[in-house]
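What follows is calculated from the coordinates using simple rules that are stated; it is not laboratory data. These figures come from a predicted structure and were not determined experimentally. Here the Cβ positions follow ideal geometry from the backbone for every residue, glycine too, while neighbour counts run over all protein chains shown.
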Amino acid sequence: MQPFIAIFITVFLAELGDKTQLATVLFATDKAMTPFGVFCAAAAALVLSTALAVFLGTVAERTLTMIPLKLIAGCGFVIMGLWSIYDHFQGSW
C-alpha cells in the first residue's frame, strides 16, 4: 500500500498548477460545458495519458534493461529546466 500512496502523492502534487490543470480550469469557465462534462473529459484524458505512460515505461523497462532509465529521466528533466531558464532570460537581456 505504501508504494501506491507514494505514487498518488507524487503525481497529485506534480499535477497541481500545471498546464493541464490550468486548461481544465479554463474549460470549466465555458458556459457551453457542464462541470461534470469537463470533469469527465479531463479525467478520461488523464487516465489515457497515464495508461500510455505506464505502457511506454513497461516497454522501456523490458527493452532497455542495461540503461539506467532513472538517470536518463533525471537528465531529461534537468535539460528541460535549463531550457526553461534559458528561455526566461533570453528575452530579458
### Query
Could you say which residue among Thr29, Thr50, Thr58, Thr34 is of a type in the set (S, T, N, Q), surrounded by 10 or more Cβ atoms within 10 Å (Cβ to Cβ) and more than 19 Å from Ile7 (Cα to Cα)?
Thr34
### Query
When both residues are 6+ apart or on different chains and their Cβ atoms are under 9 Å apart, which pairs have a first residue that lies in segment 1-29 and is aliphatic (A, V, I, L, M), and a second that is loosely packed, with under 11 Cβ neighbours inside 10 Å and assigned to a helix (DSSP H, G or I)?
Ala28/Pro35
